[in-house]
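Inspection log for the structure reproduced underneath, given as structure tokens.
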Amino acid sequence: MSRLYQWLLSVLSYLLLALLAGLFIAPVLFMFIGSLKPEDRVLTEAGSLLAFVPGDWDWRNYRDVFERVNFIRYLLNSLLI
């Protein structure tokens, strides 16, 4: 094999790996950004690229989880099982 062919094969391999990594990271990124939005914006922007733009960062959703549910207890249960 020539050096050019090996280099091209290496570049294509890395491009394919980057594409696959993006496919796996996109849903996690979508969920994290969606968790920072108010509920009405999450549902209205779900089918568009605006779903990946947080706009106003609203960390109250995380505070609400700790206030509404005994999250620490559930976390400990999950860690013990």
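The values are calculated or read from the model by the stated rules, or taken from the named source; none is laboratory data. As the structure is a prediction and not an experimental result, all values here were calculated from the model. Note that we place each Cβ from the backbone using ideal geometry, even for glycine, and neighbour counts take in every protein chain shown. Heads up: the accessible areas ignore ligands, DNA and RNA and are worked out on the full protein's heavy atoms, side chains in. Shrake-Rupley method; radii C 1.70, N 1.55, O 1.52, S 1.80 Å.
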Members of the stretch 30-64 that are surrounded by 12 or more Cβ atoms within 10 Å (Cβ to Cβ) and not in a helix (DSSP H, G or I): LEU36, LYS37, PRO38, GLU45, PRO54, GLY55, ASP58
Look at the stretch 65-81 and say how many of its residues are open to solvent by 100 Å² or more (accessible area, probe 1.4 Å) and under 19 Å from VAL28 (Cα atoms). 0
